[in-house]
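Encoded as structure tokens, the structure appears first; notes follow it.
The values are calculated or read from the model by the stated rules, or taken from the named source; none is laboratory data. All values reported here derive from a predicted model rather than from experimental measurement. Please note: Cβ atoms are built from the backbone with ideal geometry, for glycine as well, and neighbour counts cover all protein chains shown.
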Amino acid sequence: MTEVSNETRFLHAVEMGLGAWQWGDRVVWGYGQTHTDKDIREAFDVSLNLGIRFVDTAEIYGSGRSEQMLGTFLKETDQPVLVATKFFPWPWRLTKTSLPRALKGSLERLGVESVDLYQIHWPSFLLSPETMMEGMVE
């Protein structure tokens with residue numbers, strides 16, 4: 001796996017990552033029926049063995065279950081893994097403090113002190129760009 005690095009940035013670009021939307025998601029992906037915890041763990045391990053060191057998750061995936069599973073896997077590996085997660089702009093999260101609170105929840109579920117990339121899942125017409133950016137700064 002080729003890694004592109006810029007010395008002035010913390011996050012490295014990678015050729016391929018592992019998406020974790022299916023992890024714990026019963027509604028869209030049939031977690032528990034089409035795939036199990038064992039299958040997910042196997043996919044994580046195979047990905048690491050193939051050199052994939054970037055995992056993308058979100059607080060909304062499986063209602064937080066995806067982040068919890070990834071947190072467990074991170075504790076059980078000695079491999080470095082870049083972690084990205086996302087803020088979901090629910091209609092009741094309309095203040096700049098919503099983002100830091102959501103990030104705190106994600107960090108707890110992941111069992112880490114920080115993530116490599118924190119993103120807004122998609123823009124919300126209810127939350128102004130200024131408010132979103134102020135929240136990201138915090």
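Of everything in the stretch 3-43, what is modelled with pLDDT of 90 or more, surrounded by 14 or more Cβ atoms within 10 Å (Cβ to Cβ) and part of a loop (DSSP other than H, G, I, E, B)? Give them in sequence order.
Answer for the stretch 3-43, where residues must be modelled with pLDDT of 90 or more, surrounded by 14 or more Cβ atoms within 10 Å (Cβ to Cβ) and part of a loop (DSSP other than H, G, I, E, B): Gly17, Ala20, Trp21, Gln22, Trp23.
I need the full set of residues from the stretch 74-98 which are of a type in the set (A, V, I, L, M, F, W, C) and surrounded by fewer than 18 Cβ atoms within 10 Å (Cβ to Cβ), in order please.
Of everything in the stretch 74-98, those that are of a type in the set (A, V, I, L, M, F, W, C) and surrounded by fewer than 18 Cβ atoms within 10 Å (Cβ to Cβ) turn out to be Leu74, Phe88, Trp90, Trp92, Leu94.
Might you check whether a residue that is exposed (fewer than 14 other Cβ atoms within 10 Å of the Cβ) and more than 17 Å from the chain's Cα centre (by Cα) occurs anywhere in the stretch 107-122?
The answer is no; no qualifying residue exists.
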